[in-house]
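The values are calculated or read from the model by the stated rules, or taken from the named source; none is laboratory data. Since the structure is predicted, the reported quantities are computational estimates derived from the model, not experimental observations. Cβ atoms come from the backbone with ideal geometry, glycine included; neighbour counts cover every protein chain shown. Just the protein is used for accessible areas: all its heavy atoms, side chains included, with ligands, DNA and RNA removed. Shrake-Rupley method; radii C 1.70, N 1.55, O 1.52, S 1.80 Å.
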Protein chains: 2
Amino acid sequence: MKLGDGVEQAIHCVAILAALPKDGLLPAAALAEFHGVSTSYLLKHLQTLSRAELVQSVPGPTGGYRLARAPEDITLLDIVLAVEGPEPAFRCKEIRQRGPNPLPGYMFKAPCQINRVMLRAEKAYREELRQVTIADLAAQVRTDDTEGLIEARGCAFFDAAMRHYAP
Amino acid sequence: MKLGDGVEQAIHCVAILAALPKDGLLPAAALAEFHGVSTSYLLKHLQTLSRAELVQSVPGPTGGYRLARAPEDITLLDIVLAVEGPEPAFRCKEIRQRGPNPLPGYMFKAPCQINRVMLRAEKAYREELRQVTIADLAAQVRTDDTEGLIEARGCAFFDAAMRHYAP
């Protein structure tokens, strides 16, 4: 079981967009440079986040990305499901119904016990991610940033790369 | 995020091996036929389970597989980690350390908040799977098998395919 690298990149991007001033926009190339990742790969994930209505894509030569919702309203689960898709990691193929001498069909009305346990575990996983918002992450980073170095780096980045949203 | 089909197959195989009489063995081909899956693919997973010391592989023309431990001592987590590997699904690439104007190295002593939350979710996932043993699954199946049809199918399978372990 492996999550794609896009998850880490998407969460970091949403977190940095959450720190933008209200009228700020960041182009994909700047977000990619700031995170040291490929622009084309990141662009794919930014588009996914945009389709999931977590970020807003403002088109045009002075366009860029901004959050589509308040940081309090974006959970880590929202981002993980947007990037990885909503399907559970365990996808029961109902192999209990295969093979010789199959049981009668009514025996399979209830889900397979194995599927049930696997989905219960996945529910616990998602529940943890649902409890943490981007605002929570930002608050924790502010607490940890005792010398203001993270904030200063962010400000320098915004000074160099930020555009202004003029709807 | 997707688990391989091997997880479902491995759990079903361990569950059926748990129902064998004490001296019983089942060859890989029989396990594959019973579950309607490819023998070569299943063999790969049976070998993985054997390396993880969850099942014992008895070689030779009258050989086969049996459990290496009591069903009470095999959790679903044991099987999932054996098949999928022990690494977490989220593999932090530390992209926070990339890009221009990097922060000083001592800022990265504590793990990234994002990694921390992702691993906490994975811990909750694993904890659920750790709480369910193959003996628990078997007990649940016995409870659900009100007409004895699952047991009868298993007995017919053992009659046709089971070998005897003679160490």
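Listing for the model above:
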read-out: Qualifying position, being surrounded by 15 or more Cβ atoms within 10 Å (Cβ to Cβ) and closer than 30 Å to B:LEU149 by Cβ, among A:ILE134, A:ILE114, A:ILE150; value: A:ILE114
read-out: Residues (of a type outside the set (Ser, Thr, Tyr) and open to solvent by 30 Å² or more (accessible area, probe 1.4 Å)) located in the stretch A:137-147; value: A:ALA138, A:ALA139, A:GLN140, A:VAL141, A:ARG142, A:ASP144, A:GLU147
read-out: Residue in the stretch A:79-94 that is touching a Lys or Arg at 6+ places or on another chain (Cβ under 9 Å), of a type in the set (Gly, Ala, Ser), open to solvent by 30 Å² or more (accessible area, probe 1.4 Å) and within 30 Å of B:THR143 (Cβ to Cβ) present; value: no
read-out: Tally of residues being more than 14 Å from the chain's Cα centre (by Cα) and under 19 Å from B:ALA135 (Cα atoms) across the stretch B:1-30; value: 8
read-out: Residue match in the stretch B:42-54 (condition: among the acidic types (Asp, Glu) and touching a Phe, Trp or Tyr at 6+ places or on another chain (Cβ under 8 Å)); value: no
read-out: Complete set of residues in the stretch B:1-55 that are under 15 Å from B:ASP78 (Cβ atoms), open to solvent by 10 Å² or more (accessible area, probe 1.4 Å), away from every other protein chain (no Cβ under 14 Å) and of a type outside the set (Val, Ile, Thr); value: B:SER50, B:ARG51, B:ALA52, B:GLU53
read-out: Meets criteria (modelled with pLDDT of 95 or more, polar (S, T, N, Q), under 30 Å from B:GLN131 (Cβ atoms) and open to solvent by less than 30 Å² (accessible area, probe 1.4 Å)) for A:THR75; value: yes
read-out: Yes/no for B:LYS44 being in a helix (DSSP H, G or I) and farther than 20 Å from A:GLN113 by Cα; value: yes
read-out: Unmet requirement for A:LEU119, which otherwise passes all of (1) more than 29 Å from B:GLU84 (Cα to Cα); (2) at pLDDT 95 or above; (3) surrounded by fewer than 18 Cβ atoms within 10 Å (Cβ to Cβ); value: (1)
read-out: Condition met for A:SER50 (small (Gly, Ala, Ser), in contact (Cβ under 8 Å) with a residue 12 or more places away in the chain and not in a loop (DSSP other than H, G, I, E, B)); value: yes
read-out: Selection within the stretch A:122-142 - more than 30 Å from B:VAL132 (Cβ to Cβ) and either within 7 Å of another protein chain (Cβ to nearest Cβ) or modelled with pLDDT of 95 or more (or both); value: A:THR133, A:ILE134, A:ALA135, A:ASP136, A:LEU137, A:ALA138, A:ALA139, A:GLN140, A:VAL141
